[in-house]
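Below is one structure; the comments refer to it alone.
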C-alpha cells in the first residue's frame, strides 16, 4: 500500500513498500481421527495397497497442505508408526537388541512423495516414544541404541524419497542432540522453552520458534549464530519486528497444525509476508 508524505501544500512524495512473500514450511501437526464414513470411502479406494489409519492421516494432512513450499507429514501422533518400526519392543519395554522393521514407514514415505518430491517427515524424538529400557540397564547405551535405530529408519525413508526429517519434542537429551541432527535432519522444540532452544543451537544454526517466544531472539543472537529462522504461527507484525535482527531472506513462516486442516494452513500462508 502506498504511503503519501507531504512536501508542501501542492506536492507529495509517494513511498511504496515492497511486499516480500516468505516460504511456508510445515512442521506436521496433530491429526484427529476421521469420520467413519470418510475413512470407509477412502479405504475402498485403496485396492491392492497396504494401508491403515495412519496412512489415511498422512495422506489427508498433505492434501490439506496443498501449495505449501515445504510440506511435511507426521508429528506426535506418528509415534505409533515409529514404535511399530522398531523390533524388540514388547509391552512397552525394549526386550531385545533393537532392529528395524521399516515397511510401513516406507509405505507412508512413498505415499507422501506422490504428493511432493520435497516432502519432509516429522518424527517424535526417540525419548518421546516412551519405550522403557528392559535390556541395557544403562541410560547412555539405551539412548544411543534408539538414536542409531532412528538413523537407520531415516535412511530408509530418504531412500523411499523423503527429502528430510524434522525431529520434534519438548526438549532433547544430550545424546539425541549429538546423534540425530545432520544434513536434512532438524530438531524442533514444540514449546520453544529456553533450555531446549539453547541445546538445539549448540548443534544446528537453523531455529524454529513459536511466535510467542520471539522475545528471546536478541539474547540468543548474542550467544549463537542463527542462519535461518522459522516462526511458527507468525504474523506480518512478528516478521517485521525481526528485520532488525534477521535478513528477510533468512525468514520462513511455519506451522504446526492442531487439527485445523486446510483452513489452518491457508491462514499460515496468508500471514507469510513482510514489508521491506
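Here the simple spin-label model places points 7 Å from the Cα toward Cβ, and for residue 270 and residue 237 these points are separated by 1.6 nm.
A viscosity of 1.306 mPa s and a temperature of 10 °C, combined with the Kirkwood radius over C-alpha pairs in the Stokes-Einstein formula, give the stretch 20-275 a diffusion coefficient of 84 µm²/s. Taking every alpha-carbon pair under 8 Å whose residues sit at least 6 apart, the stretch 195-262 reaches a relative contact order of 32 percent. Computed from Cα positions, the angle between helix 53-64 and the longest principal axis of the chain comes to roughly 10 degrees. The Stokes-Einstein estimate for the stretch 119-184, based on a Kirkwood radius over Cα pairs and taken at 20 °C with 1.002 mPa s viscosity, is a diffusion coefficient of 172 µm²/s. Treating r as the C-beta distance of residue 101 and residue 19 and R0 as 35 Å, the FRET efficiency rounds to 0.15.
Springs join every pair of Cα atoms under 10 Å in this Gaussian network model of the chain, and among 221, 180, 242 the largest mean-square fluctuation is at 221. The distance linking the stretch 197-241 with the stretch 101-128 is 26 Å (Cα centroid to Cα centroid, whole angstrom). Rg/Rh for the stretch 65-149 (Cα atoms only, Rh after Kirkwood) is 1.05. With the helix formula -39500 (n - 2.57) applied to DSSP H stretches of n ≥ 4, the chain reaches a computed 222 nm mean residue ellipticity of -10000 deg cm²/dmol. Between residue 174 and residue 41, the simple label model (points 7 Å from Cα in the Cβ direction) yields a spacing of 5.4 nm. Normalised by 2.2 N^0.38 Å, with N the number of residues, the alpha-carbon radius of gyration of the stretch 54-201 equals 1.02.
Read the figures in this text as sums done on the coordinates, not as results from a lab. Quick caveat, the model's predicted, so the values are computed rather than measured. Don't worry about glycine lacking a Cβ; one is built from the backbone with ideal geometry, like all the others, and counts go over all protein chains shown.
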